[in-house]
1. I'm checking my understanding of the structure. Among residues of region 239-295 that are more than 12 Å from Lys317 (Cα to Cα) and of a type in the set (Gly, Ala, Ser), which one is surrounded by the fewest Cβ atoms within 10 Å (Cβ to Cβ)?
2. Can you say whether Asp159 is acidic (Asp, Glu) and assigned by the TED database to the domain that holds Pro286, as far as the supplied structure shows?
3. Looking at (1) in contact with a Gly (Cβ under 9 Å, 6 or more places away or on another chain); (2) farther than 22 Å from Leu153 by Cα; (3) of a type in the set (Val, Ile, Thr), find the lone condition where Val92 falls short.
4. Just one of the numbered conditions (1) open to solvent by less than 50 Å² (accessible area, probe 1.4 Å); (2) within 28 Å of Glu116 (Cβ to Cβ) is not true of Arg174; which one?
5. Please go through region 296-317 and give me each residue that is within 30 Å of Ser94 (Cα to Cα) and loosely packed, with under 10 Cβ neighbours inside 10 Å, ordered by number.
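The values are calculated or read from the model by the stated rules, or taken from the named source; none is laboratory data. On a predicted model such as this, the values are computed, not experimentally measured, just so you know. Heads up, the Cβs are rebuilt from the backbone with ideal geometry, glycines too, and the neighbour counts pull from every protein chain shown. Protein only, heavy atoms only, side chains kept; ligands, DNA and RNA dropped before computing areas. Shrake-Rupley method; radii C 1.70, N 1.55, O 1.52, S 1.80 Å.
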Amino acid sequence: QVKWLNKHLSKLWPFVSQAATAVVKESVEPLLDDYRPPGIKSLKFNKFSLGNVSPKIEGIRIQNLQPGQIIMDIDFRWGGDPSIILAVDARVASLPIQLKDLQVFTVVRVVFQLSEEIPCISAVVVALLAEPEPKIQYTLKAVGGSLTAIPGLSDMIDDTVNSIVNDMLQWPHRLVVPLGVNVDTSELELKPEGKLSVTVVKATSLKNKELIGKSDPYVTLYVRPMFKVKTKVIDDNLNPEWNETFELIVEDKETQSVIFEVYDEDNLQQDKRLGVAKLAVNNIVPETPSEITLKLMQSVDSLKIKDYRDRGSLHLK
């Protein structure tokens, strides 16, 4: 029962918290560098502790029972009291940033791979379900300074957190943990399903972000944030033409999308985002070339859009 599980989770939490702190620092700190946006020189943890408040399990559903597997979806909530301070070294300022008031609600999918040998489970797969979308809320507070000293810092940290969650943990992405010796987990790993060839043709009617001259636009595109690719920069042009082709790997055509981000390069501070667009892979017909025009938006998350002003369009093949 959930009540029994939560009672034992609260007893285990001090040990889980201590172990998780070491694992997160070891595994996430290098990722922060991978996701580090232009304008930020380095991101490191000054302090990292998951605190004393254990998460709560609010419900469990057993999904389809496949031979040799048990699939469980767990409603997971955590109003934690972690102590996390991030050292942000930017071109314009360096500040320790504290993360406070953490609230997490998500559905965790756990797949148990069964075996005939004790402990009867050979591997565990952990992922977060995309629907309902994981909610991760927190506030950021500068220690001994103001967040306004580093323009765009809050948005950058939001994007970094979301990228790490989406790229590493949101289904179909998953963590696979072998529990036995010499366990073959190849069937549980995420595998490429196909290859998408995308030509970024041009953008039209971009909105200028420069006081003098025009923006210097470029496009980054990705299916997974860890594997971003980027066009060349076109100087001083609001209707740039790139005609550059990229090949992206798709691992789950039903749930994955291609994200396009158009930026204005800035050599003095953080590059400014001119707009973003999203293309669901399941809208594309295999082996069939198509020309697509996407309207640029403020965010690909409709809940984060505060204004619907025209930001121009992106033309693709």
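1. Ranking the qualifying residues of region 239-295, first place goes to Ala280.
2. No, not satisfied.
3. Here Val92 meets the rest and fails (2).
4. (1)
5. Going residue by residue through region 296-317, those that are within 30 Å of Ser94 (Cα to Cα) are 298-301, 304-306.
Across region 296-317, the qualifying residue is only Lys306.
Table: residues versus (1) outside the structural domain of Lys230 (by the TED database); (2) among the acidic types (Asp, Glu); (3) in contact (Cβ under 8 Å) with a residue 24 or more places away in the chain.
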site: Ser54; (1), (2), (3): yes, no, yes
site: Arg61; (1), (2), (3): yes, no, no
site: Gln66; (1), (2), (3): yes, no, no
site: Asp75; (1), (2), (3): yes, yes, yes
site: Arg91; (1), (2), (3): yes, no, yes
site: Lys100; (1), (2), (3): yes, no, yes
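Residue-by-condition table, conditions (1) at pLDDT 95 or above; (2) assigned to a loop (DSSP other than H, G, I, E, B); (3) assigned by the TED database to the domain that holds Arg311:
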{"position": "Thr245", "(1), (2), (3)": "yes, no, yes"}
{"position": "Leu248", "(1), (2), (3)": "yes, no, yes"}
{"position": "Asp252", "(1), (2), (3)": "no, yes, yes"}
{"position": "Thr255", "(1), (2), (3)": "no, yes, yes"}
{"position": "Tyr263", "(1), (2), (3)": "no, no, yes"}
{"position": "Gln270", "(1), (2), (3)": "no, yes, yes"}
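This table checks each residue for (1) charged (D, E, K, R); (2) without any contact (Cβ under 8 Å) to a residue 60 or more places away in the chain; (3) over 27 Å from Ser154 (Cα atoms).
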position	(1), (2), (3)
Pro217	no, yes, no
Thr220	no, yes, no
Val229	no, yes, no
Val250	no, yes, yes
Phe260	no, no, no
Asp264	yes, yes, no
Leu279	no, yes, no
Pro289	no, yes, yes
